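Notes to accompany the following structure.
The values are calculated or read from the model by the stated rules, or taken from the named source; none is laboratory data. All values derive from a computational prediction rather than experimental measurement. Heads up, the Cβs are rebuilt from the backbone with ideal geometry, glycines too, and the neighbour counts pull from every protein chain shown. We work out accessible area using only protein heavy atoms, side chains counted, and drop any ligands, DNA or RNA first. Shrake-Rupley method; radii C 1.70, N 1.55, O 1.52, S 1.80 Å.
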Amino acid sequence: MLTPTDKIWHNGRFIPWADATIHVLSHVVSYGTSIFEGIRCYSTPAGPAVFRLREHVRRMVDSAKIYRMENLGYSAEQLGEAMLELVRVNQMESCYIRPIALRGYGEMGVNPSNNPIDVYIACWSWGKYLGDEALAEGVDVCVSSWNRFAPNTLPALAKAGANYMNSQLIKMEALANGYSEGIALDTSGYVSEGSGENIFVVRDGKIHTPPLGASVLPGITRDSILALARELGIPLVETIIPRELLYIADEVFFSGTAAEITPIRSIDKIKIGSGRRGPVAEKLQKEFFGVINGSRADRYGWLTPVHAAVGA
Ligand code: PMP
């Protein structure tokens, strides 16, 4: 269950958590008309800091543009600043931040253009998404019987509410069958992504990840892994991946804001590699978490401090 924080940001004002409600006839309720983000604020040795704030805000603005929400009413800078202010107002050390822009109450009917755009930002405490042990031990997953959406149906590059009806089918089926997550294929039958994670496949020391054309969300964590792999000199290709490469891989792992870097130890009950976290995932985790825990320099400027540096 969610533990409420004090305030939620709504159209430029802080309102009590309990007041952040919408009318049942808001456009979003019938038609799924929302775009949103999921962002982590980590507790770091230098205080709370938001991971890749700029990139998340940019993806939110991109998602809005794809859905012709031309004007959210707030610039990227204002949205980013509102997120930092929200964390400060709620006095969080670490949290998950969820900005949402939705089409609200007004007309009924498919055309959203005359419905107001409401922007909300909430934050709350959230632990490890796939379980505390998952990062070290890995998770057991399946290939989903559900595909990701076909190209030119629902835009996969947008992080839109409606997309997550597909994610829910993938996730519910996986859980019903005793797995912690499902891997969806695209409509050509190639590996796409998890219900809320991008995927990486390692064989013979080389990392493979599906390209953006394989109906994947352009994950910010995915992008972080591309940067770290380049720096570590680990070859990485963005390429279509046949399903069966999953089974014969040395390592497979998920990436995502919630999942961070989560190794996969079995797929469809077939053991992957040694059946535990592999060396590539471990190396990437070390670099990734190193930036957050301060054991590695933040050389890419990934962390935005929540509290302005004293004297800055
Ligand atoms: N794919 C999907 C479908 C997702 O929901 C997410 C989580 N936002 C990801 C991939 C990973 O993206 P990110 O690393 O930006 O969280």
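Quick notes on this one:
- Mean projection of the Cα convex hull over all viewing directions, computed for the chain: 16.2 nm².
- Selection of trypsin sites (Lys or Arg not before Pro), the stretch 213-269, meeting DSSP coil and at most 11 other Cβ within 10 Å: Lys269
- Scaling against 2.2 N^0.38 Å puts the C-alpha radius of gyration of the stretch 134-277 at 0.95.
- DSSP-defined antiparallel bridges as percent of all bridges, the chain, nearest 5: 80 percent
- Percent accessible area from carbon and sulfur atoms, the chain, protein chains only, probe 1.4 Å: 53 percent
- Karplus-derived HN-Hα couplings along the stretch 33-42 (A = 6.51, B = -1.76, C = 1.60, θ = phi - 60°), whole Hz, x at Gly and Pro: 7, 9, 10, 7, 9, x, 9, 10, 10, 9
- Treating r as the C-beta distance of Ile15 and Ser75 and R0 as 25 Å, the FRET efficiency rounds to 0.75.
- Under the convention that each Lys and Arg Cβ holds +1 and each Asp and Glu Cβ holds -1, the size of the dipole of the stretch 1-112 around its Cα centre is about 200 debye.
- Average Cα contact separation per residue, the stretch 7-126, under 8 Å, 6 or more apart, as relative contact order %: 37 percent
- Heavy-atom accessible area, probed at 1.4 angstrom with all protein chains present, ranks His10, His23 as His23, His10, highest first.
- DSSP-defined beta bridges in the stretch 113-252 - what % are antiparallel, rounded to 5: 55 percent
- Taking 19 Å as the limit for the C-alpha separation, the pairs Lys65/Lys159; Lys171/Lys286; Lys206/Lys283 exceed it in the case of Lys171/Lys286.
- Pairs of alpha carbons in the stretch 1-71 separated by more than 17 Å make up 65% of all such pairs.
- Per-residue HN-Hα couplings for the stretch 279-287 [Karplus 6.51, -1.76, 1.60; θ = phi - 60°; Hz; x = Gly/Pro]: x, 5, 4, 5, 4, 5, 4, 4, 5
- For the chain, the relative contact order is 20 percent, taking Cα pairs closer than 8 Å that sit 6 or more residues apart in sequence and dividing their mean separation by the residue count.
- 1.4 Å probe accessible area per residue over the stretch 7-126, in Å²: 48 Å²
- Total formal charge among the other residues, if their Cβ is under 10 angstrom from that of Arg277, Lys/Arg +1 and Asp/Glu -1: -1
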